[in-house]
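Okay, so here's the structure we're looking at.
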Amino acid sequence: MTNHSSVFTGQARAHTNIALIKYWGKKDPDLFLPMVSSLSLTLSAFYTDTRVSFSESYTENRLLVNGLEQTGKAKESLDRFMSVIGSKMEHPLPIHIESFNHVPTAAGLASSASAYAAMTGAIAQALNWDLDLQSLSRIARRGSGSATRSLFGGFVEWEKGTDDLSSKAIPIDDGLWDVGMLALVLNDKEKTISSRDGMAKTVATSPFYPAFVSSQDSDLELMKKAIKERDIVSMGEIAEHNAMKMHATTLSAKPPMTYLSPDSLRAIKAVQDLRNSGFTCYYTMDAGPNVKILSPASQQDDLIKALRQIFKDVTLVKSQAGPAMRYLSDEEWQELY
Ligand code: DP6
């Protein structure tokens, strides 16, 4: 914490994550308690650096992302999160936030997960909170569900829990072995429904949603076993099935919707074909058209070469297991920005 005439500042870095067992649906939208537990891999290639400052002289919360002032939904989400933070402060103060997303240009992979995980870390440093990563994961959860998992590195479970205290992240495995995730960034500019709105509509209207929920615990247990055994084939089979069960709930919502674009389907087919030709590769997708490919890290370069034949001008980004949230010092921040 730095205190220049009652300005409290803090900085942190957090990496984004991709779920192998999906979070989809809230039981309690206020506390962000999910309907299901989930499990993700924190990614080395994508992260957010965030600096926050609290001051009596500020009149409102402000958020700059890559230099651009955020308004609309992003600002609403921040104000809502800050009311949670304010309830933990003796004298709540407005906050100013500067955030930098480190994702390849135009990748469209900026994520609320790394954003709220980094923001939570920076706030903890500014306010001198002596909390462990698990306690911070419960706070980040109130900003965005997937942020719960981005406090830790490697494979991370978000245990759904039953209340504010028990809904938290648990590190499963550091992921520092031959496993990787390739992001296939499809140049699809079409605006999609946010995951927040998409999951709410699905829970309310899809007759398939209960089926997704009822098979989640066994998917999660099988995934944890496969990770422990470093069995990428089983991990991939479970991840594909789990992802498509989630996407089936959006297709069966009323009115129906989907995050899969024609190019997503082409990419899925390409992954299946590459698998038939001997690669160990499996796909997963979130609330957008991009496809992420799980494989041994040692196969990523060859996969990129093969995918390049099919997708001439897409961006392909290699990731391995990324680290946990870490605090940045004033000096580091000055050097970086
Ligand atoms: C499909 O965490 O973005 O990526 O909690 O409303 O902020 P909110 O939603 P968000 O949802 C992520 C959904 C997902 C699956 C996952 O990451 O587990």
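The values are calculated or read from the model by the stated rules, or taken from the named source; none is laboratory data. Note that the structure is a prediction, hence the values are computed from the model and not measured. Cβ sites come from the backbone with ideal geometry, for glycine too, and all protein chains shown count toward neighbours. Surface areas here come from the heavy atoms of the whole protein model, side chains and all, with no ligands, DNA or RNA. Shrake-Rupley method; radii C 1.70, N 1.55, O 1.52, S 1.80 Å.
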Which residue pairs have Cβ atoms under 8 Å apart, sit 6 or more places apart or on different chains, and have a first residue in region 240-251 that is closer than 19 Å to I293 by Cα and a second that is aliphatic (A, V, I, L, M) and open to solvent by less than 20 Å² (accessible area, probe 1.4 Å)? N242/L20; N242/I21; N242/M223; A243/M285; H247/M285
Filtered residues of region 1-43 (kept if within 23 Å of N101 (Cβ to Cβ), out of contact with any Phe, Trp or Tyr (no Cβ under 9 Å at 6 or more places or on another chain) and more than 11 Å from the ligand (Cβ to nearest atom)): L43
Would you tally the residues in region 243-256 being surrounded by fewer than 17 Cβ atoms within 10 Å (Cβ to Cβ) and part of a loop (DSSP other than H, G, I, E, B)? 3
Tally time: how many residues in region 282-331 are assigned to a helix (DSSP H, G or I) and either free of Cβ contacts under 8 Å to residues at least 60 places away in the same chain or touching a Phe, Trp or Tyr at 6+ places or on another chain (Cβ under 9 Å) (or both)? 11
Name the single residue, out of those in region 132-174 being within 17 Å of A321 (Cβ to Cβ) and surrounded by fewer than 24 Cβ atoms within 10 Å (Cβ to Cβ), that is farthest from the ligand (Cβ to nearest atom). D174
Which of the helices (runs of 4 or more DSSP H) found entirely inside region 150-242 contain at least 2 residues meeting this: closer than 19 Å to L20 by Cβ and in the same structural domain as S112 (by TED's automatic domain parsing)? none
Which one of these is in contact with a helix residue (DSSP H, G or I) (Cβ under 7 Å, 6 or more places away or on another chain), modelled with pLDDT under 95 and open to solvent by 30 Å² or more (accessible area, probe 1.4 Å): S112, S194? S112
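Yes/no matrix, rows are residues, columns are (1) open to solvent by 10 Å² or more (accessible area, probe 1.4 Å); (2) assigned to a helix (DSSP H, G or I):
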position: N17; (1), (2): yes, no
position: L39; (1), (2): no, no
position: Y47; (1), (2): yes, no
position: E60; (1), (2): yes, no
position: L63; (1), (2): yes, no
position: R80; (1), (2): yes, yes
position: P92; (1), (2): yes, no
Go through F100, F46, F81 for me and flag whichever is within 16 Å of the ligand (Cβ to nearest atom) and under 30 Å from V179 (Cα atoms). F46
